[in-house]
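The block underneath contains the structure these notes are about, expressed in structure tokens.
The values are calculated or read from the model by the stated rules, or taken from the named source; none is laboratory data. Everything quoted here is computed from the prediction, not taken from an experiment. Every residue, glycine as well, gets a Cβ built from its backbone with ideal geometry; the counts of neighbours run over all protein chains shown. SASA here: full protein model, heavy atoms, side chains in, ligands and nucleic acids out. Shrake-Rupley method; radii C 1.70, N 1.55, O 1.52, S 1.80 Å.
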Amino acid sequence: MIKCNLLIVEDNVDLCETLAHVFRKVDFQVQTSFNTADAIKILHRGLIDLVILDLKLPDGSGLKVLEAVKDVDPDILVIMITANTHVEPAVEAMKAGAYDYIMKPFELDEVKLVVQKALETQILKNEVARLKRQNATMFPKTEMFSVNKKMEEVKRMIKIVAETPRTSLLIEGESGTGKELVADALHDWSARARYPFVKVNCAAIPENLLESELFGHEKGAFTGAETMKKGLFEMANNGTIFLDEISSMDLSLQPKILRVLETQCFRRIGGVSDIKLDVRVVAASNRDLQEMVNKGEFRDDLLYRLKVIVISLPPLRERPDDIIPLANIFIESNNREFNKSIQGLTEETKELLLNYHWPGNVRELKNVMERAVILCNTPFIQADHLPAELNDDLASTGSAAANGAAALANSHFGSLAEIEKIHIEYMLEQCNGNKSRTARELGISRSTLREKMKLYDIPA
Ligand SMILES: Nc1ncnc2c1ncn2[C@@H]1O[C@H](COP(=O)(O)OP(=O)(O)OP(=O)(O)O)[C@@H](O)[C@H]1O
Ligand SMILES: [Mg+2]
């Protein structure tokens, strides 16, 4: 059965305990309450996925608890229990957002079935949302590809870690080496795959917001905290959280991450009690964390905790045997995307790809191939479909521009705007989305870049 944190609210103590027993036996985390007041307290402590709720309770109606549920988290599923003489309130409860109801007296198997159906529906809902998001980006999920020995070892490690239930993982590697792909694979290959995979780019969230993003806050925890907010750790429960660019995390926040790793517990900001979690933490960094520890910029205790298992991704220049096979894979995917039928690379192009030092690693290769496929109108990609930096000799004699111009003239695009859009997207990728740098590289002002991005519908 699907895992779940269950709350049973039922004033008949025997019935309550029987239900609790049934669900504990299938490995649910079960909490019980005999009245509305306790139930609401438990809900506010967090981490409930499903509530079995008696409609008639000694201190008020179950509808009050239902209301509290919707307040705390509308995604929590509620199954009402009603006496068979009380159909109307049951209908009212459904209108107020209950998922289903069961009439007393009932068989235990019936309850199990309704609960299972509710959880399956929830998972399907999540899956549909995930597929919609994936579809929206138009690109199917990338498989990690490699023929290199060191990378085979990486895959073997991912499989081993995936089979452990909770081991955390640190992924090191230069920018564009595939750290995020490793995190994706670890989640997908583990038993956590059907639960959430939450990605957090620690560098992209302002320092003062990161703590409340990660841990959430209680209502009234600080000015502006008008409602309780769940943090990303809570949202990742049962699944995986990916802390990307963990080197950017403020020193003061690091002990809190260490605490989650060590105790699997955390508190929301302003919270008074611990919340228990079951999350695998995967962290990635493209900076040398040991060096940062030596300089006092990263906490040694957190590094040692994260370092239990480390995967170090070799830069592309240290696995040259991957360059041509990867280039071919990217040609194929771009052929599909741009409706082209390019057959491969000329010998000269291969030579250039192999001789280049690839500072941006696989991401750079992927971008270079996308651009080449767009520009190419011959069966094989030629040297002059590659950007200038891949051909140092040409670049230094100044004929790179001529090269580029020839390539553009040969291309099937009539419009200058189209080329401009592609080039801006390309430079943005090369500069990791940094707009100041992109503008500088393009030789235009930031505001001009902004205008052009708006004009061409390029997401900021
Ligand atoms: N082995 C691989 N096979 C296929 N595609 C790959 C491979 N490695 C990386 N890529 C592609 O290269 C791009 C960069 O990969 P990814 O985002 O995982 O790198 P990263 O190490 O997280 O980079 P950064 O440090 O800049 O965040 C992605 O588009 C990814 O799909
Ligand atoms: Mg990354």
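Of all residues being within 16 Å of ligand 2 (Cβ to nearest atom) and either among the polar types (S, T, N, Q) or under 16 Å from the mean Cα position of the chain (by Cα) (or both) in region 140-169, which is least open to solvent (accessible area, probe 1.4 Å)? Just the residue, please.
Leu169
Criterion first (open to solvent by 40 Å² or more (accessible area, probe 1.4 Å), of a type in the set (Gly, Ala, Ser) and under 14 Å from the mean Cα position of the chain (by Cα)) does Ala185 satisfy it?
Spelling it out, it is not the case that Ala185 is open to solvent by 40 Å² or more (accessible area, probe 1.4 Å), of a type in the set (Gly, Ala, Ser) and under 14 Å from the mean Cα position of the chain (by Cα).
When both residues are 6+ apart or on different chains and their Cβ atoms are under 6 Å apart, which pairs have a first residue that lies in region 16-30 and is not assigned by TED's automatic domain parsing to the domain that holds Asp278, and a second that is of a type in the set (Phe, Trp, Tyr)?
Val30/Phe23
Conditions tested, residue by residue: (1) at pLDDT 90 or above; (2) open to solvent by less than 60 Å² (accessible area, probe 1.4 Å); (3) within 23 Å of Met94 (Cβ to Cβ).
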site	(1), (2), (3)
Cys4	no, yes, yes
Leu7	yes, yes, yes
Asn12	yes, no, yes
Asn35	yes, yes, yes
Ile52	yes, yes, yes
Gly60	yes, yes, yes
Leu66	yes, yes, yes
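Residue by residue through region 155-192, note down the ones that are of a type in the set (A, V, I, L, M, F, W, C), in contact (Cβ under 8 Å) with a residue 40 or more places away in the chain and more than 9 Å from ligand 1 (Cβ to nearest atom). Break it down stepwise before answering.
Just the residues of region 155-192 that are of a type in the set (A, V, I, L, M, F, W, C), to begin with: 157-158, 160-162, 169-171, 181-183, 185-186, 189, 191.
Pick out the ones that are also in contact (Cβ under 8 Å) with a residue 40 or more places away in the chain and you get 157-158, 161, 169-171, 182-183, 185-186.
Residues satisfying the conditions are Met157, Ile158, Val161, Leu169, Leu170, Ala185, Leu186.
Mind listing whichever residues of region 265-287 are touching a residue at least 60 places away in the same chain (Cβ under 8 Å) and not β-branched (Val, Ile, Thr)?
Across region 265-287, the qualifying residues are Arg268, Ser273, Lys276, Leu277, Asp278, Arg280, Ala283, Ala284, Ser285, Asn286.
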